[in-house]
Structure formats: C-alpha cells, structure tokens
Amino acid sequence: MTRSRWILVLVIAALAAAFFTFNLGHYFTLDYLKSQRDAIETYRSANPLLAVAVFFVVYVAVTALSLPGAAIMTLAAGAIFGLLWGTVIVSFASTIGATGAFLVTRYVLRDAVQSRYGDRLKTINAGIEKDGAFYLFTLRLVPAFPFFLINLLLGLTAMPARTFFWVSQIGMLAGTIVYVNAGTQLARLTSLKGILSPGLLGAFVLLGIFPLIARKIVDAFKARKVYMNHSKPKRFDRNLIVIGGGSAGLVTAYIAAAVKAKVTLIEKSDMGGDCLNTGCVPSKAILRTAKLLDNARRAQEFGVKSLRAEVDFAQVMERVKRVIAQVEPHDSVERYTGLGVDVIKGHAKLVDPWTVEVNGKKLTSRDIVNRRWRRTFRATHSGTEGVRLSHLRYSLGNPRATQAPGRARRRTDRLRDHASLCAARLPRHASGNAAAHPDPRGPEFSEIVRKRFVSEGVDVRVNTKAKSVVREGEQKFLVCEAGGKEARIPFDQILVAVGRAARLKGYGLEELGVKAGKTVEVNEFLQTNFPNIYACGDVAGPYQFTHTASHMAWYCAVNSLFAPLLPLRGGKFKVDYSVIPWATFTEPEVARVGLNELDAKEKKIPYEVTTFDLEELDRAIADSEAHGIVKVLTVPGKDKILGVTIAGEHAGDIIAEYVLAMRHGIGLNKILGTIHIYPTLAEMNKYAAGNWKRAHQPEGALRFLEKFHAWRRG
Ligand SMILES: Cc1cc2nc3c(=O)[nH]c(=O)nc-3n(C[C@H](O)[C@H](O)[C@H](O)COP(=O)(O)OP(=O)(O)OC[C@H]3O[C@@H](n4cnc5c(N)ncnc54)[C@H](O)[C@@H]3O)c2cc1C
C-alpha cells in the first residue's frame, strides 16, 4: 500500500477512535435528541443557514466514516427542518457521505483486492457491469441491509462512482422520507423500531425487487421481439432439430435421443464432420507414419545399424482411409438411427426460427441446434495465382476422394524434399508464417518445439509474415517480411495452415437475422439472439476442439430440452469453461490445462511455479525421449493447482491426471500420495508434485524430528 493510502487509513482510524473514546455516540441517541430538541430549535431559529451547514457536514462525516448515528440524524432532520427540507438535506448529505465511504474503500483497498482475487472477482464484476445499478437500487430501497456495508463492498467492485451516486440518491429517497417524516413526530416516538412496521418493510422489499422483475420482463420482451415477424407453429413435429453431424451435433443428438426426445439430425456430407473426415482422425493417422519414419531415422541411436524407410504416400493415405473406416461406425447413420435419432442426409436451411428446410421438406421444432462447419482461410497473397497451395484441411483429406492416390503421390514427392513427413507435423507457429502474438503454450514450450524442428531440418521462421509469391524462371519464391526486412524463401509447394473461419453464409442465418461476428454470437447458455436457436462447437467458439464441441453439446441439449423443468436455475445451465485441456500434437507433444504463466500475469492472479525436467524420468530415458518439462502453477503456499503445461512424449495423455485433479479440487499432495506404476511416463506427475512438496517442507517439524532422532540415538 502506498504512503498516501496509509495516511488516509490512519486519519480515518484516528477519527473513529476519537468518536468512541470521547463517547460521542451518546449524542446520536433518541433520548439525547428528545432532550435537546428545544435547544436545537432555538439555535436553528437564530442561525438558520449555519444550522443547515453544520448539520449537513456532520451528516456527511458520520456516513463517510461509517459511524453509527445516521438513522438518528435522519429523524433529527425531520424534527429540526420539517419534512421537505429535512428530506432534501438528508438525501444529499447521505448520498455524498455514502459516496465518500465508497471512494475511500476504492482508493485504499480495491487495487489490492482486485489483484489478489482478480479472476475470481471476474463474475462479480461482470454482474455489476450488467445489473449493478439494479442490485444497488434494491439494496438501497430495503433498509434491512446495513447501508455502510453496501458503501464499502461496492467500493471494491468495478461500479462507476457516478452510477453509485445517482442510484443511491434515488434508492434511499423512499426510506429517507419515512424516517424524516417520523422525525417530525419526534415527541411521539419511543424507539427506532416502530418506524418501520412489517407492512412498510414488506412494501419496501417489493419495491426493491420490482426493478429486477421489470428487467426480466424487459429481457423477455426483447427476446420475443426477434420473433415478431414470424408466426410460431401451433404444434411441432419434433423436440429438437440438430444441423450438422460433427462432434457437437452428434453428441447433442445422442443426448436428446437418450432422454427420449424426438430429434432429427441433418448432415449434408459425411457423418463425423471435420474431426473424423479431415481433422483429428486423419491427422493422427498420418502422425503415426511420421513417428515411424522418425524412429527409422534414429535407428542407430537404438542399436540398429540401418533401417531403410521409403514412403509411399498413396499407401499412407490408404491407411488413413482404413483408420477412418474403422472409426466411422461410431458416427454412422446406422448407429444413430439405432439410438433413436432420425438422421436425414441433406443440406439444411433455416426458414424461420422453428422451421428447417431439407431436401425440399419443411421440418418444425421447438428448438434448433445449429452446428456448422468451418472453412479453411484462403491465402490471398499476390502472385499465388497458378501456384499450388495445399490447404491443411484438404491435404489431410478428403482421403476418400477417388483421385486422392495420384494427387497424393505428387504431393509426397515434393514434401519429401523437405523434411519427409515432418511437414505434416508443423504447427502454425513454426510454419514460417505470422506469429506476432504470444504463444498460448508459453514461450519456453514454443522453444522446446522449435529446437526439435530445427534439429530435424525444418527451417523455422517465427514473427515472419508471408506477403507474396514471385517467380524467376522456373524458381518460385515466397516473399516474407520479418522485423521490417524482406526475405525470399525458395519453394516447391506451399502448405497453408493459418487456421479456419466460420462459414456463416448460405444457410439461412443471415436472412433470419441470427447475430454473428467471426462466430455465431451466443450467451452463456449457448442461445443465439433467437432463444430457441442454440449454437455449439467450432461455429460458436471460443475453443475449437472436438472435446469442447462435445462439452458444449451437453449444455445445448439440456438447456433446450429441459428449460421448463429447471425453474430454480432460471431454466438453464451456464456453460462451464473453467477446466479446458488441449494438446498440440507436435514433436514433442505439448498439452495444457488451466492457466499458464502468461494468463496468470495477464489476469493478475498470484501463482507459484513448480517444474519437473523429463531428463530425470527413468522411462523417458529408457525410451530415449528424455526431453521436455512439466510445469505446474499453484496458489502461493497451497497445493491447489491453477494450471499445468507438459511438453513431452504422450503429454496429451499424461495431462489427464491433472485435468481430473483440477476438475475435482484434488491438490498436489494427493497426487504425490497416489501410487504410479514404475517405470512409466505418468510418473512425471508424481515427481512434479514431489518437487512442490520439497519446496514446501514443514521446516519447524523437520528441525524437531532431527532433535527427536538425535535424542533417540542417545
Ligand atoms: C487438421 C485438423 C486437425 C484437428 N485435430 C484436432 C485434434 O486433434 N483434437 C481436437 O480436439 N480437435 C481437432 N480439430 C478440431 C476439430 O476437428 C473440430 O473442433 C471439431 O470437428 C468441431 O466439431 P463441430 O461439430 O463443431 O464441427 P464440424 O466437425 O465441422 O461438423 C459440422 C458438420 O455440419 C455439417 N453441415 C454444415 N452445414 C450444414 C448444413 N447446412 N446442413 C447439413 N449439414 C451441414 C458439415 O458437413 C459437418 O459435417 C482438428 C481440426 C483440423 C482441421
């Protein structure tokens, strides 16, 4: 805390101490007020303006310092100045005093509180930003809440002082009038308790919650407004229509069918979406081949004199096809039909908020879950006309396309000139393209991956922006910009892997007016601006993974189907993104859950770091894979895990233990106390927990034990 803050705290503490030491409280009692009424009245008649000024200043001081006495002073205002002027004086004095207390708390404590509990206060701050004025109004209207506490607590939030001032002024007015009016009848008052009868208190409570109820009505009205130009069917053919048979759509339909809802799933292409057909599954199948080649290259390291590996990319793609075919039945039309889902193959189009058109037929449903695929960003750099650009999604697939083997073979020849199938393992940041923003895995993890790529012969250029393509005779060059300088990289073929964007056109979204930016806009319940149209998976973000798509799907299914059965929860569940894991399937793999250092710093969350180097892990050494690190962030002084990042063999599998721990509040002590099989890679989790424990040894107890053992030795 700064010096000026300390001085302010000391001044306030001294004033409060003086108040209690000199027993100034007895001036703020009903008896004292009654006994001095005539004297006060005489003074006021002789010095009317001065009486107002003195009263005003004392009132402001009492409320600003959060001292007891404001209620008595409000009665006094009625007794001395009458109903009208008493109300005016108290209304302003109490608001100014309350705002003073609010500002002092904010100045002295808010930064410290926000930086210590930053992330945890996020929800409160978001609530205050959205509904703060309504909450404050309610609290002010109901005199059951101690006003001084409201001043202090709201000072710690992000509520603007101006809002606090005017809402307090309006909110306290009704209570002020009641008290000032009671003060005009001072002689008849025997205690403060009688001022607010239970009936009056009840009326205040009703008045207090009225704005919140009104707000809900306005929200409901706004939501209904979007339906104004559409006529709702009297009956619905089904409970839920799911558009898209990717990860999100399949899980939504599965849950809906499992709970006996009538659900239709519409897929225009292959069931399984990106993940099965052009994403996770084919990419991992290719990675397996890449791993094999890598092992062959390292044969001598394992005592094998020579191991010749020759890639037949067409055969690689044949295997990819077989892998997809093996997984396919899990996502097939037959399986889902068997589960009770009505599956329709065709292009779905939203006609109105309750109607979807497919194959010329109109289907109606109370709720619709919208799952659209994403398209690959197209490179639009100048000079790329006539250059073969392989977009990652299309390079991995569609492996089923009949012409794939021929094209694939040509592609292989070119890629092999570089770093065999390593090209298939290039992450975005190492691909020689733009990488100006911080790496979400954390800088040291990027470095681990970068070094490995370089050692495999990949020319890695980060913070480099691809600008255009030029040709000189037969040679093609990619012109890049790095640090203000231009560089030319000769190439044979370009593989574009700059990410994907949501495809939001051509499906009725625009025509209907479903709000979208880069992705479809959804609220915390995954509803679009049409409350019966939900969106989940890649199209709604904020994470674009298969497992997050499935996670979101649960909320879509439950919120859409069960809203009327969940009245106490407001009818819905808020989607929970608190523990989201993901992996980058580079070599070595990098997996992450929760916070990393960059996030923690950005969100001002205090943390401690514990690391374990895989160079020390027996199994990793035996496998000649002893490179990488486990990095755990914990709450300072506690074993509560805030986040973990692992770089190493099978990091994506190994991190599951930490995901479970974070999800269920298990700390590092418990991970340390769990038996892990020796020698396995999973032991890295236990050793990281051990490193944390060593850094938090109970020093006092150990000193005592040392003495105890010495004493036992005699
Ligand atoms: C190369 C690559 C590798 C990946 N690897 C991983 C990984 O290892 N792990 C991971 O978690 N994620 C990975 N992903 C991401 C993952 O594939 C996506 O997050 C996931 O597929 C999202 O599922 P979804 O249901 O939201 O969308 P999609 O899988 O895109 O499914 C949408 C479906 O909707 C259909 N559709 C669209 N419009 C209509 C319409 N009008 N009518 C009917 N049907 C329609 C489409 O045909 C498609 O089948 C990878 C992605 C790519 C491209």
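The values are calculated or read from the model by the stated rules, or taken from the named source; none is laboratory data. Please read all numbers here as calculations on a predicted model, not as lab measurements. Ideal geometry is used to build each Cβ from the backbone, glycine not excepted, and the neighbour counts take in all protein chains shown. Areas reflect the complete protein model, heavy atoms only, side chains present, ligands, DNA and RNA absent. Shrake-Rupley method; radii C 1.70, N 1.55, O 1.52, S 1.80 Å.
Summing +1 for each Lys or Arg and -1 for each Asp or Glu among the other residues whose beta-carbon sits under 14 angstrom from that of R224 gives +3. Net charge of the neighbourhood of N529, taken over other residues with C-beta under 15 Å away and scored Lys/Arg +1, Asp/Glu -1, is -3.
What lysines sit close enough to K686 to cross-link, taking a C-alpha to C-alpha distance under 19 Å and skipping anything fewer than 8 places away on the same chain? The qualifying lysines are K631, K638, K640, K670.
Taking all protein chains together and a 1.4 Å probe, the residues R235, R319, R298 rank R235, R319, R298 from largest to smallest accessible area. Sorting W6, W554, W692 on solvent-accessible area from highest to lowest, probe radius 1.4 Å, gives W6, W554, W692.
Each Cα pair of the range 560-714 feeds into the Kirkwood radius, which the Stokes-Einstein equation turns, at 25 °C and 0.890 mPa s, into a diffusion coefficient of 139 µm²/s. Sorting D38, D237 by solvent-accessible area of protein heavy atoms yields D38, D237, largest first, with a 1.4 Å probe. A probe of 1.4 angstrom, applied to the heavy atoms of all protein chains, finds E657 with accessible area near 50 square angstrom. Taking 7 Å steps out from each Cα toward its Cβ at A710 and A695 produces label points 3.0 nm apart.
Computed in the context of the full set of protein chains, the accessible area of the range 606-648 at 1.4 Å probe radius has 46% of its extent on carbon or sulfur. Would you please classify the overall shape of the range 1-60 from the alpha carbon gyration tensor, given that a ≥ b ≥ c denote the square roots of the eigenvalues, rounded means a/c under 1.5, and beyond that prolate means a/b larger than b/c while oblate covers the rest? It comes out oblate by the Cα gyration axes. A 1.4 Å probe, protein heavy atoms only, puts the accessible area of K638 near 120 Å². For L307, the shell of other residues with beta-carbons less than 13 Å away shows a net charge of +1, using +1 for Lys and Arg and -1 for Asp and Glu.
Remark: spin-label model distance K34-E608 equals 6.1 nm, labels positioned 7 Å along the Cα→Cβ axis. Extension gain for D653 to S269 (0.36 nm times residue separation, less C-alpha to C-alpha distance): 135.1 nm. How far apart, in nm, are the 7 Å Cα→Cβ label points at A296 and R663? Placing both labels 7 Å beyond Cα along the Cβ direction yields 3.9 nm. For K640 and V259, the difference between the fully extended length at 0.36 nm per residue and the C-alpha to C-alpha distance is 133.5 nm. With all protein chains kept in place, the per residue accessible area of the range 553-676 amounts to 46 square angstrom at a probe of 1.4 angstrom.
A protection proxy built from the mean count of other Cβ atoms within 10 Å ranks the segments 669-677, 647-655, 494-502, 66-74, most packed first, as 647-655, 66-74, 494-502, 669-677. Taking each of K222/K572; K349/K572; K451/K476; K232/K515; K222/K603; K130/K225 in turn, the alpha-carbon distance tops 22 angstrom for K349/K572; K451/K476; K222/K603. Give the accessible area for H26 in Å² (nearest 10); use a 1.4 Å probe, count only protein heavy atoms, and leave out ligands, DNA and RNA. Its accessible surface works out to 80 Å², give or take rounding.
With R₀ set to 41 Å, the beta-carbon distance separating R224 from Y43 gives a calculated FRET efficiency near 0.10. Extension gain, E334-L10: 0.36 nm per intervening residue step, less the Cα-Cα distance, totals 109.1 nm.
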